[in-house]
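Since every read-out is calculated from the coordinates, none of them should be taken as a lab result. Bear in mind that the values here come from a model prediction, so they are computed numbers and not experimental data. Virtual Cβ from ideal backbone geometry, glycine too; neighbours counted across all protein chains shown.
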Amino acid sequence: MGVTWKEEHLDFVLVPCGLLIMLAYHLFHLHRCVNLPQTTVSGYENHNRRAWVARILQVEAKERGPALTAIGSNLSAASSLASISLALCSLIGAWIGSSYNNDYITSRIYGNTSATIIYLKYIGLLSCFMIAFACFVQAQRCFVHANFLISMPNCEMPVAYVEGAVISGSNFWVVGLRSLYFAINLLLWIFGPIPMFVCSVITVVMLYFLDKNAAPLPEYNQPVSYGYSSKKADRATAAATGTPQNSPNGTLNAQR
């Protein structure tokens, strides 16, 4: 005898297909980020961040106020999204529990409404928000570390140290956003497997165009030094030879 098709079987077909579509796209995107970073928006932005860090470390610590402001903006954004993710972990869970106790809501969902599926929906949604929260917290940690390195006075700071902190914070930020995209799909699973599958397809199509970069990478000149210590060396040399040296504000000061 053949198995009778029921609407509950949709969850076992459409939900795995939707998750596999999302997972396959992100693996494909990760492959492009690692091997062809110039074709992705993430690679394009990281290229510009590296040049930004190299230029920032060429100026003295007291002149790096705009850099600290930029890092502070990223910190505020990561803190806000971390707080939102943590709040949604509790709010969504309470909302799911109250909704499925309502027969009016349950009777209008075309799909499996058993206790096991309800539990999987709750766990999956909660996991995505917890991963997003953890990633945003790690992004804050990296940006705070970059803030300390950039503002360190009287020290020749290697570019790789600050660059690693900034790039790591940006990567954690991206992973946190991707977790929220998965959470949106799982959130629509509450209303049935069909909305979840449609949302997965639409999300992948939108992300494909948003993640693709067609602009060439800007060409930046190599930085003169890893920090501002070369300026101090130039001034010391000028003082020893008695030649005038350009000051930071562009005026010529005779060195004694």
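A few notes on this one:
- Remark on Met157: its backbone amide H falls under 5 Å from those of Tyr228, a criterion applied only to residues 5 or more positions apart or on other chains, H modelled at 1.01 Å from N.
- Estimated FRET transfer efficiency when R0 is 30 angstrom, pair Ser151-Glu45 (beta carbons, to 0.05): 0.85
- Amide H to amide H distances under 5 Å link Thr40 with Asn213, where only residues 5 or more positions off or on other chains count and H is placed in the peptide plane.
- Phi angles across the stretch 38-43 convert, under the Karplus curve 6.51 cos²θ - 1.76 cosθ + 1.60 with θ = phi - 60°, into 3J(HN,Hα) values of 5, 8, 10, 5, 4, x Hz, Gly and Pro given as x.
- Linear extension gain, Lys212 paired with Ser127, 0.36 nm per residue minus alpha-carbon span: 27.8 nm
- Within the stretch 177-215, backbone nitrogen closer than 14 Å to the virtual label 7 Å beyond the Cα of Ile84 toward Cβ: 177-184
- Note on Val205/Phe12: beta-carbon distance plugged into 1/(1 + (r/R0)^6) with R0 of 22 Å gives a FRET efficiency of 0.35.
- The stretch between Arg55 and Leu177 holds 41.1 nm of extra length on full extension. This uses 0.36 nm per residue minus the Cα-Cα distance.
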